[in-house]
1. Please compute the per residue accessible area over the chain with all protein chains in place, 1.4 Å probe, rounded to a whole number of Å².
2. Where nothing but the Cβ of Lys and Arg (+1) and of Asp and Glu (-1) is charged, how large is the charge dipole of the range 16-135 around its Cα centre, in debye to the nearest 20?
3. Among the lysines, which have Cα under 30 Å from the Cα of LYS7 when same-chain residues fewer than 8 positions away are ignored?
4. Counting only protein heavy atoms and a 1.4 Å probe, tell me what percentage of the chain's accessible area is made up of carbon and sulfur.
5. With just the Cα atoms defining each centre, how far is the range 183-231 from the range 135-154? Give it in Å.
6. Once the piece of chain linking LYS252 and MET212 is laid out straight, how much longer is it, given 0.36 nm per residue of separation minus the C-alpha distance between them?
7. Give me P(r) over the range 145-253, computed from all C-alpha to C-alpha distances, binned every 5 Å, as integer percentages.
8. For ALA255, enumerate residues with amide H under 5 Å from its amide H, sequence gap 5+ or separate chain, H modeled in the peptide plane.
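The values are calculated or read from the model by the stated rules, or taken from the named source; none is laboratory data. Since we're looking at a predicted model, the values are computed, not measured. Positions of Cβ are backbone-derived with ideal geometry, glycine not excepted, and every protein chain shown enters the neighbour counts. Ligands, DNA and RNA are stripped out before the accessible areas are found, and what is left, the full protein with its side chains, is counted by its heavy atoms. Shrake-Rupley method; radii C 1.70, N 1.55, O 1.52, S 1.80 Å.
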Amino acid sequence: ESEEFLKAFQARVDREEKIEPNDPMPEGYRRTLVRQIGQHAHSEIVGMLPEGNWITRAPSLRRKIALLAKVQDEGGHGLYLYSAAETLGVSREQMTEELLSGKAKYSSIFNYPTPTWADIGAIGWLVDGAAIMNQIPLCRCSYGPYARAMIRVCKEESFHQRQGYEIMMTLAKGSEEQKEMAQDALNRWWWPSLMMFGPSDSESTNSDQSMMWKIKRFSNDELRQKFITATVPQAEYLGLTIPDPDLRWNEKTQAYDHGEIDWAEFKAVIKGDGQMNRDRLRARNKAWDEGAWVREAALAHARKRADMKPI
Ligand code: FAQ
């Protein structure tokens, strides 16, 4: 790739022109997007599992309907994102193969278990809250298909976040036992939610280039900080305590100082050693294997239709 080509491409990005699938683009730009969009799609698909675990046990019909709709939305986001990645020349089969073999990454957050109903509240509130904070700027991503996909995805994430917060409100205003359940879920999901934003800026290998190309608009630490600032008052309103003794409002920076994140845990989860990594991959592989007959039937049907002579 010539210097001139790279410069002209950067100038387009700097002018805030959207890059579309058939436009010339540097190979590194294409690869970065395939990586990020692919990981994002896998996260949505694997992200259906921790909550799917509660669909049959939701405490009322109303809760069940809302949770079912949320999990279906996540499946939709996954398919939407796989399609966006396919515009960059990678196939859905290839991405699926990489997920099932454990080669592809997906968000660390989905490797934690959901032992109680309060976890469903905490996921909606914190995990979807963090996802929104990260994804709103992606609506302005330089790559057109990804940016456009994010607009609808963010609208749906907003419903997911409210759904979760409302569960937390009900529990936090309920019996002593329910309040304890809500606090316990917050204790377990707080730190993993902060890890969703990725390594600290000094460790983030992809950030500089992704910010240059306007794929990312804010750094990992900036978004993490925004999330903390938005979430602390929400926890206060619930009457719950964020499990960080070092969390303190800083007048000078107008932001919350927070305690050290356990990066060793983050690295272990990404490496495949989290509490639920093996379980998640087993579940995805099982679903893939058990769906083989559906794929075969759909293919046979498509072939039959293609062979039919027009009347
Ligand atoms: N987990 O250099 P950076 C959702 C990897 S929300 C696992 O900073 P980058 C909705 C990273 O890939 C969750 N791996 O990387 C939902 C890179 O590895 P690589 C999904 C992580 O890309 C809610 C390495 O570490 N959202 O699904 C994580 O510039 C509820 C170095 O990191 C997205 O994917 C992590 N947490 O920034 C569904 C949003 N963090 O590829 C169900 C789009 C970092 O070089 C229920 N993605 N890594 O081998 C992004 O915005 C970015 O990719 C970041 C990471 C910010 C996640």
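1. 52 Å²
2. In debye, rounded to 20, the range 16-135 gives about 540.
3. Partners within reach: LYS18, LYS214, LYS216.
4. Of all accessible area on the chain, carbon and sulfur atoms account for 55 percent.
5. So the two Cα centres are separated by 17 Å.
6. Contour length minus Cα-Cα distance gives 11.5 nm.
7. 2, 10, 15, 20, 18, 15, 11, 6, 2, 1, 0
8. Distant-sequence amide H within range of ALA255: ASN250.
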